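The values are calculated or read from the model by the stated rules, or taken from the named source; none is laboratory data. Values in this document were obtained by computation on a predicted structure and should not be read as measured data. Here Cβ is always computed from backbone atoms with ideal geometry, including for glycine, and neighbour counts include all displayed protein chains. The protein model used for the area step is the full one, side chains on, heavy atoms only, and it has no ligands, DNA or RNA in it. Shrake-Rupley method; radii C 1.70, N 1.55, O 1.52, S 1.80 Å.
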Amino acid sequence: MPENTAGPSPAARSALAVVSFLVFVELCSGILQGSIPTLVPLIGRQMHISSGDLSWVNTLPLLVSGISVPLASKLGDMYGHRRMILITMTAVAVGSLLAATTDSFAVLLVGRALQGLYAAWLPLDFAIVRDRVQGKQAGAAIGLLVGAVTLGGTLGALGTGLLSEHVATAKAMLWFPAGAILLCLPVVLFLIPESVTRHRSRIDWTGALLLSAGLGTGLLALGRGGEWGWTSGTVLALALVAVVSLAVFVLAELRAAQPLIDVRLVGGRCLAPLYALSFLIGIAMYGSQTATSTFMATPKQFGLGFGYDTLSLSLMALPTTLAAFASAGLADRISRAVGARTALALGFASFTASYALIALIHDAPWQFVVSGILGGLGLGLVVGALPVQIMGHLPADQTGIGTGIYNTLKALAGSVSGAVFASVLNQHLLKLPIPGVELSDIHGYTTVWTSCAVICLVGLALSLTVGRTPAPAAPEVGEPTPADALAD
């Protein structure tokens with residue numbers, strides 16, 4: 001028989017192009033996420049901002065992300081996911097330009113708040129992939145997207161570190177993430193097609209208001225609790241408002257004819273374990289970041305750490321990032337080979353080993369490199385496989401909001417664990433003869449790393465309860481199919 005030399009079909013080539021453009025968007029999103037935190041100390045010094053006020057540079061985007069992701073995801077399901085990416089990206093671009101051009105700290109905070117809308121892109125991208133890419137390629141595409149975010153984060157931190165060798169001001173360095181976002185706008189506008197699957201409903205504005213109030217006040221309490229005091233009246237009041245708002249939200253959604261979030265679906269026996277794993281992987285990803293970077297940056301004369309600067313810390317993150325990018329790209333293939341529960345369990349097992357290693361030995365940089373590679377392999381495997389498993393249990397027209405919850409839970413977990421572990425470190429302060437310098441002793445760091453190892457072990461056990469995931473639902477009869485849209 002003659003050999004078939006035909007290449008990929010036009011639909012397959014179009015789907016590959018769409019995935020490539022979405023990967024570029026997430027790469028630039030990662031650059032934004034990785035570059036700004038490294039500049040926060042320099043912003044404080046050059047603008048003469050106190051450490052308390054400076055913390056708003058990171059707190060405000062977190063607040064906006066927590067509030068905006070569910071609503072933007074739902075609007076994407078209703079009116080078009082590409083449309084919502086374009087709207088939110090325009091706002092992020094405006095915020096990036098404000099941050100890169102202003103000498104006012106207040107205007108900088110406005111820019112940072114607008115930048116918080118970037119968190120909506122990943123669930124919206126997931127929905128476009130599900131709508132446009134069919135079969136096995138969809139899972140591989142999800143892995144590439146989450147890998148691109150991780151890789152972009154390190155490129156952002158590394159690029160900013162390299163720029164700091166040649167550029168003196170934080171304002172000039174802020175053009176690096178701004179330029180990345182500006183490059184994304186024409187890609188979204190001209191090269192990414194709109195999704196075709198729609199959720200025919202209306203916005204539950206009561207639910208949106210309750211959810212925004214609950215997430216906003218809760219994240220504000222977590223973000224500022226360390227400065228205001230965890231038992232202060234303000235923090236306790238915010239926590240109470242958050243709990244009451246979220247409780248009323250759940251009750252309201254159970255009674256709503258067209259809820260913002262289908263609570264019964266999200267809390268069902270299929271999706272609930274997957275969302276619990278989303279929260280746990282958020283702790284593993286973000287919980288120890290401050291502790292680990294602070295430890296490595298601590299000067300050796302204090303008896304711990306390596307005295308690394310910003311560029312050195314960025315280089316130390318490269319093995320983790322590369323390992324995460326590689327394993328995320330293979331996550332879907334591994335899931336199909338050994339099963340979803342085994343793939344997730346392997347990811348959490350690798351993360352457990354990573355934290356256990358540095359909790360036990362942390363005297364040399366190579367130990368952190370090995371730990372970082374193990375953590376990166378586990379991270380890529382979990383974040384590459386978990387969204388695919390969640391999407392498999394979601395109706396096709398609720399992909400945006402369903403994966404938006406996944407993204408929100410990860411961010412919420414990072415806020416909770418960051419606040420808790422900051423308190424742990426503060427309880428183990430060293431008595432130093434240097435005024436104004438406060439460092440945690442080694443017991444504070446090992447407590448954080450050990451806690452993360454235990455949490456990952458819980459994730460490993462929970463992963464083994466995950467059931468078999470069905471294939472993603474196709475569009476309903478009568479709706480245009482993704483293949484038709486690609487042909488168009």
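Residues that are polar (S, T, N, Q) and over 21 Å from Ile405 (Cβ atoms) within the stretch 210-264 comprise Thr231, Ser232, Thr234, listed in sequence order. Residues in the stretch 57-99 that are open to solvent by 20 Å² or more (accessible area, probe 1.4 Å) and closer than 25 Å to Leu222 by Cβ: Asn58, Leu60, Leu62, Leu63, Val64, Ile67, Leu71, Ala91. The single residue among Ser463, Ser440 that is crowded, with 18+ Cβ neighbours inside 10 Å, within 29 Å of Ser293 (Cβ to Cβ), among the hydroxyl-bearing types (Ser, Thr, Tyr) and at pLDDT 80 or above turns out to be Ser463.
Residue check: Ala485 meets all listed conditions (1) modelled with pLDDT of 75 or more; (2) crowded, with 16+ Cβ neighbours inside 10 Å but one, namely (1).
Determine whether Glu165 is farther than 30 Å from Leu377 by Cβ, at pLDDT below 85 and surrounded by fewer than 22 Cβ atoms within 10 Å (Cβ to Cβ).
Values: farther than 30 Å from Leu377 by Cβ: yes; at pLDDT below 85: yes; surrounded by fewer than 22 Cβ atoms within 10 Å (Cβ to Cβ): yes.
Judged against the criteria, Glu165 is a match.
Restricting attention to the stretch 129-154, the residues being over 20 Å from Ser335 (Cα atoms) and among the hydrophobic types (A, V, I, L, M, F, W, C) number 2.
For the stretch 203-232, the set of residues classified as closer than 17 Å to Lys74 by Cβ, open to solvent by less than 60 Å² (accessible area, probe 1.4 Å) and in a helix (DSSP H, G or I) consists of Gly207, Ala208, Leu210, Leu211, Ser212, Ala213, Gly214, Leu215, Gly216, listed by residue number.
Contact map, the stretch 229-258: residues that are more than 12 Å from Thr206 (Cα to Cα) paired with residues that are open to solvent by 40 Å² or more (accessible area, probe 1.4 Å), Cβ distance under 6 Å, separation 6+ or inter-chain. Pairs shown: Thr234/Trp228; Val235/Trp228. Does the stretch 189-201 hold any residues that are open to solvent by 30 Å² or more (accessible area, probe 1.4 Å) and at pLDDT 80 or above, and which are they? Within the stretch 189-201, Leu189, Phe190, Leu191, Pro193, Glu194, Val196, Arg198 meet the criteria. Looking across the stretch 110-148, the residues that are open to solvent by 30 Å² or more (accessible area, probe 1.4 Å) and part of a helix (DSSP H, G or I) come down to Val110, Leu114, Leu117, Tyr118, Lys136, Gln137, Ala140, Leu144.
From Gly372, Gly307, grab the single residue that is crowded, with 19+ Cβ neighbours inside 10 Å and touching a Pro at 6+ places or on another chain (Cβ under 6 Å). Don't jump to the end; show me each part of the working.
On the way: Gly307 fails: crowded, with 19+ Cβ neighbours inside 10 Å.
Result: Gly372 is the single residue among Gly372, Gly307 that is crowded, with 19+ Cβ neighbours inside 10 Å and touching a Pro at 6+ places or on another chain (Cβ under 6 Å).
For beta carbons closer than 8 Å, sequence separation of 6+ or different chains, a first residue in the stretch 155-180 that is among the hydrophobic types (A, V, I, L, M, F, W, C) and a second that is in a loop (DSSP other than H, G, I, E, B), the qualifying pairs are Met173/Ser164; Met173/Val167. Checking the stretch 385-401 against the condition returns no match, with no residue being at pLDDT 95 or above and over 20 Å from the mean Cα position of the chain (by Cα).
Name the one entry in Leu220, Leu185 that is of a type in the set (A, V, I, L, M), on the phi < 0 side of the Ramachandran plot and modelled with pLDDT of 90 or more.
On the way: Leu220 fails: modelled with pLDDT of 90 or more.
Matching residue, one of Leu220, Leu185: Leu185.
Within the stretch 168-180, the only residue that satisfies the criterion of being of a type outside the set (A, V, I, L, M), more than 11 Å from Ser35 (Cβ to Cβ) and surrounded by fewer than 19 Cβ atoms within 10 Å (Cβ to Cβ) is Thr169. Residues in the stretch 354-369 that are touching a residue at least 24 places away in the same chain (Cβ under 8 Å) and crowded, with 17+ Cβ neighbours inside 10 Å: Ser354, Tyr355, Ala356, Ile358, Ala359, His362, Phe368.
Listed by first and then second residue, the pairs linking a residue in the stretch 83-107 that is on the phi < 0 side of the Ramachandran plot and assigned to a helix (DSSP H, G or I) to a residue that is crowded, with 17+ Cβ neighbours inside 10 Å and among the charged types (D, E, K, R), with Cβ atoms under 6 Å apart and 6 or more places separating them unless they lie on different chains, form an empty list. What residue, among those in the stretch 443-460 that are open to solvent by 60 Å² or more (accessible area, probe 1.4 Å) and of a type outside the set (A, V, I, L, M), is modelled with the highest pLDDT? Filtering the stretch 443-460 for residues that are open to solvent by 60 Å² or more (accessible area, probe 1.4 Å) and of a type outside the set (A, V, I, L, M), the one modelled with the highest pLDDT comes out as Thr450.
Kindly indicate which of Leu32, Leu16 is in a helix (DSSP H, G or I), of a type in the set (A, V, I, L, M), closer than 27 Å to Thr88 by Cα and modelled with pLDDT of 85 or more.
Working: Leu16 fails: modelled with pLDDT of 85 or more.
Among Leu32, Leu16, only Leu32 is in a helix (DSSP H, G or I), of a type in the set (A, V, I, L, M), closer than 27 Å to Thr88 by Cα and modelled with pLDDT of 85 or more.
For the stretch 233-274, a residue qualifies if it is outside any helix (DSSP H, G or I), small (Gly, Ala, Ser) and open to solvent by 30 Å² or more (accessible area, probe 1.4 Å), and the qualifying residues are Ala256, Ala257, Gly267. Would it be correct to say that Gly287 is modelled with pLDDT under 85 and surrounded by 17 or more Cβ atoms within 10 Å (Cβ to Cβ)? Yes: the conditions hold for Gly287.
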